[in-house]
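Participant: First, the structure itself, so that you have it in front of you.
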Amino acid sequence: MASDDVAVLISRVALRDQSAFSELYTKTSPKLFGVCLRILKDRTDAEEVLQEVFVKIWQRADRYVASENPAMPWLTAIARNQSIDAIRARKPVADEIDAVYDLADDQPDPETQAATKGEGRRIDSCMEELEADRAKAVRGAYVEGLSYQELADQFAVPLNTMRTWLRRSLLRLRECMDR
């Protein structure tokens, strides 16, 4: 198709001639689709962008000046620019570093860490106030996860005695922590 024919069609489209627009589409869409496809490398995206290209041509046909620009390069520039805009609008594909960056950190924040460390020191100092065997029994039960029966066997005391030791030790720890 001659560039003059395309220029005439564009000038008719500027006057809102729908039949001229349909003819312009029929004659130029294969080449403009090729431009979009070459840039976007995806047929579906190229089809969508081509539709947007023709919407822009319909809206901007009155801006085309035949004496300044050949018709096909003007249309190709619109297709090219719209394709590039579509690439820019895509969400960037995250590589491994970006993906890891977006993951939530499951570690406590510095303020929480400082508070936990301070409370840990308080617990340690309160544990020192307990008798050595009672402190060892509390650590065995609540840190190591030993059962009351295992602790009673380890310390060679009856089961109810171990329960009493742990209950009284916890009460003393609570009093110490409340101070």
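The values are calculated or read from the model by the stated rules, or taken from the named source; none is laboratory data. Please read these numbers as outputs of a predicted model, since none were measured by experiment. As a convention, Cβ positions derive from the backbone with ideal geometry for all residues, glycine included, and neighbour counts pool all protein chains shown. Note: areas computed on protein heavy atoms with side chains; ligands, DNA, RNA excluded. Shrake-Rupley method; radii C 1.70, N 1.55, O 1.52, S 1.80 Å.
Participant: For the chain, give me every cysteine whose Cβ has no other Cys Cβ within less than 4.7 Å, ordered by residue number.
Facilitator: Cys36
Participant: Could you derive backbone 3J(HN,Hα) for segment 66-80 from the dihedral phi with the Karplus parameters 6.51, -1.76 and 1.60 (θ = phi - 60°), listing whole Hz in sequence and x where the residue is Gly or Pro?
Facilitator: Values, residue by residue: 4, 6, 9, 9, x, 5, 5, x, 5, 5, 5, 5, 5, 5, 4 Hz.
Participant: Next question. Determine how many Å³ per residue the convex hull of the Cα atoms of the chain encloses.
Facilitator: Considering the Cα atoms of the chain, their hull volume per residue is 246 Å³.
Participant: If you build the Cα gyration tensor of segment 39-93 and take the root of 5 times each eigenvalue, what three semi-axes come out, in whole angstrom, biggest first?
Facilitator: Its equivalent ellipsoid spans semi-axes of 24, 11, 10 Å.
Participant: Taking only Cα atoms, what is the 0 to 90° angle, nearest 10, from helix 18-40's long axis to the longest principal axis of the chain?
Facilitator: The answer is roughly 50 degrees.
Participant: Also, I was wondering about something else. Which FRET efficiency value, to the nearest 0.05, do you get for Asp124 and Leu171 by plugging their Cβ-Cβ distance into 1/(1 + (r/R0)^6) with R0 = 22 Å?
Facilitator: 0.75
Participant: Can you give the accessible area of Leu171, probe radius 1.4 Å, in Å² rounded to 10?
Facilitator: That residue has around 70 Å² of solvent-accessible surface.
Participant: Any idea what angle helix 3-14 forms with the longest principal axis of the chain, computed on alpha-carbon atoms, 0 to 90 degrees, nearest 10?
Facilitator: Result, in degrees: 70.
Participant: Can you list the residues of segment 21-52 with backbone N under 19 Å from a point 7 Å past the Cα of Ile87, pointing along Cα to Cβ?
Facilitator: Inside the label zone: 31-52.
Participant: When the convex hull of the Cα atoms of segment 110-156 is projected onto a plane and the area is averaged over all directions, what value comes out in nm²?
Facilitator: Hull-based average projected area comes out at 3.6 nm².
Participant: Roughly speaking, what % of Cα-Cα pairs in segment 130-178 are separated by over 12 Å, rounded to a whole number?
Facilitator: Result for the distance tail: 58 percent.
Participant: Whole percent per 10 Å bin, from 0 to the bin with the longest distance: what is P(r) over all C-alpha pairs of segment 1-87?
Facilitator: Calculated P(r), rounded to whole percents: 19, 53, 25, 2.
Participant: Per residue of the chain, what 222 nm ellipticity follows from adding -39500 (n - 2.57) for every DSSP H run with n ≥ 4, rounded to the nearest 500?
Facilitator: Counting only the DSSP helices, I get -25000 deg cm²/dmol.
Participant: Across segment 14-158, how many lysine pairs, 8 or more positions apart or on different chains, have C-alpha atoms separated by under 28 Å? Please give the number.
Facilitator: So the count of such lysine pairs works out to 9.
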